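In what follows, a structure is listed as structure tokens, so that the remarks can point back to it.
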Amino acid sequence: MVNKHLIYEGKRIAYQTAGKGYPILLLHGFCFDSAVWDDFQLDLIEEKFKVVRLDLPGFGKSDVWPDITIDKMAEVVKAVIDELKIAHFVLVGHSMGGYVGLSFANQFPIQLDGLSLFHSHPYADDAEKKDIRHKSIEFMKRQGHVLFVKQMIPSLFNAKFSNSNAFLLEKLLFRATRYQSEGIIAAQSAMANRGDQSEVLKNIEVPVQFIIGKEDTAIPAEKSEAQVHLPTIADIQYLDKAAHMGMFEERKKTQLLIRQFASYCKKKASM
Ligand code: MLT
């Protein structure tokens, strides 16, 4: 694995590459960083894909960007892709990473051969969700982010999985407690301010994969299902035992789904 960084608009953006072959870019979700894919990526590398991962602003080793937006996060992804001189790739976006992926598809469609929305969707927050986000921001401004992530991260897993994987949860929590509160607040605010991206899915010209966790409470299956008719080419996949963290809860199946989707997109783009 090669650890690198670039400076984009004066901010440090950390990224890694591993393996050789057709590129798959993995984008983490809220309160995680590129390390969430550490074990997951091994199978993709073995199957001859090049894996690119980055830390979105405010997470992992990337700088905090206090006024970040989802569109700006997509620009950061573009900067990494260009730095690596990648002509074509498939983007896999986990949850918030999917919001960024949709913005990327809207702003920079040329290099994208396929978009995998992994526990994600194109809809803007409703009033209730915005309110929850604003309350959490106020809470973190007063108390910091440690209690917030301690409550949030376990709620993303199905209870059976988290009960038997206590060490993994501790590890993820430990990483999240080390981010700066400002970075988490900025990302929470970026999500609250994002617009509806359904039109992006309606107009997208490349295949879109939907990976839906049947036990997901963060993005319930009904919400995920509402979007699947939007793109022209959709690969709709369910993880029966997963909540919101399929890369851990059903790792092998998710790896297979992403490999198959990336191979299909690669082939389709070359036709
Ligand atoms: C995530 O996992 O990235 C979040 O659940 C996304 C969100 O809060 O909408």
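Using the Cβ-Cβ distance between Lys252 and Ala127 with R0 = 45 Å, the FRET efficiency computed as 1/(1 + (r/R0)^6) comes to roughly 0.70. Taking all protein chains into account, the per residue accessible area for the chain stands at 44 Å² (1.4 Å probe). Computed across segment 1-114, the Kirkwood hydrodynamic radius from all distinct Cα-Cα pairs reaches 13.8 Å.
Between Gln143 and Gln180, the simple spin-label model (points 7 angstrom out along Cα→Cβ) gives 2.3 nm. Only protein atoms count toward the accessible area here, which uses a 1.4 Å probe; on segment 118-271, the carbon and sulfur part of that area reaches 53 percent.
Electrostatic tally near Tyr238: other residues with Cβ closer than 12 Å to its Cβ, Lys and Arg +1, Asp and Glu -1, net -3.
For segment 41-109 versus segment 143-171, the spacing of their alpha-carbon centroids is 24 Å. Just checking the listed ones, Asp33, Asp235, Asp71: in the Gaussian network model of the chain with Cα springs under 10 Å, the one fluctuating most is Asp235. Once you sort the root eigenvalues of the Cα gyration tensor of the chain as a ≥ b ≥ c, which label holds: rounded (a/c under 1.5), prolate (a/b larger than b/c) or oblate (the other case)? Taking the square roots of the gyration eigenvalues as a ≥ b ≥ c, the chain is rounded.
Taking Cα pairs under 8 Å and at least six residues apart, what relative contact order does segment 66-223 come out at, in percent? Relative contact order of segment 66-223: 34 percent. One quarter of the surface of the convex hull around the alpha-carbon atoms of segment 47-180 equals 10.0 nm², the direction-averaged projected area.
So what is Rg over Rh here for segment 82-148, counting just Cα atoms and using Kirkwood for Rh?
Answer for segment 82-148: 1.14.
Projected label points at Glu83 and Ser164, each 7 Å from Cα along the beta carbon direction, are separated by 4.0 nanometres. For a modelled paramagnetic label at Ser263, 7 Å from Cα along Cα-to-Cβ, the residues of segment 20-59 in reach, with backbone nitrogen under 20 Å, are 20-26, 40-52.
So, with a 1.4 angstrom probe, what is the percent of accessible area on segment 19-114 that is carbon and sulfur?
Details: 1490 of 3040 Å².
With neighbouring chains kept in place, the figure for segment 19-114 is 49 percent.
Computed with a 1.4 Å probe on the full set of protein chains, the accessible area for Ser155 sits at about 60 Å². Near Ser103: Cβ cut-off under 14 Å, other residues only, Lys/Arg at +1 and Asp/Glu at -1. The net charge is -1.
Per residue, the Cα convex hull of segment 145-271 amounts to 130 Å³. The Cα atoms of segment 221-271 give a gyration tensor whose axes a ≥ b ≥ c have a/c of 1.5 or more with a/b no greater than b/c, which makes the shape oblate.
In summary, the helical segments of the chain meeting the span-like criteria, namely a full DSSP H run, a Cα extent along the axis of 15 angstrom or more and a mean Kyte-Doolittle hydropathy of at least 0.0, are 70-83, 96-107, 166-177, 181-193. Determine the shape class of segment 192-245: with a ≥ b ≥ c the square roots of the Cα gyration tensor eigenvalues, call it rounded for a/c under 1.5, and otherwise prolate if a/b is greater than b/c, oblate otherwise. Note, shape of segment 192-245 comes out oblate. Net charge in the neighbourhood of Leu84 (other residues with Cβ under 14 Å of its Cβ; Lys, Arg +1, Asp, Glu -1) is +4.
The values are calculated or read from the model by the stated rules, or taken from the named source; none is laboratory data. Just so you know, these numbers come straight off a predicted model, no measurement behind them. FYI the Cβ positions are ideal-geometry reconstructions off the backbone, even for glycines, and counts take in every protein chain you see. These accessible areas exclude ligands, DNA and RNA; they are computed on the full protein's heavy atoms, side chains included. Shrake-Rupley method; radii C 1.70, N 1.55, O 1.52, S 1.80 Å.
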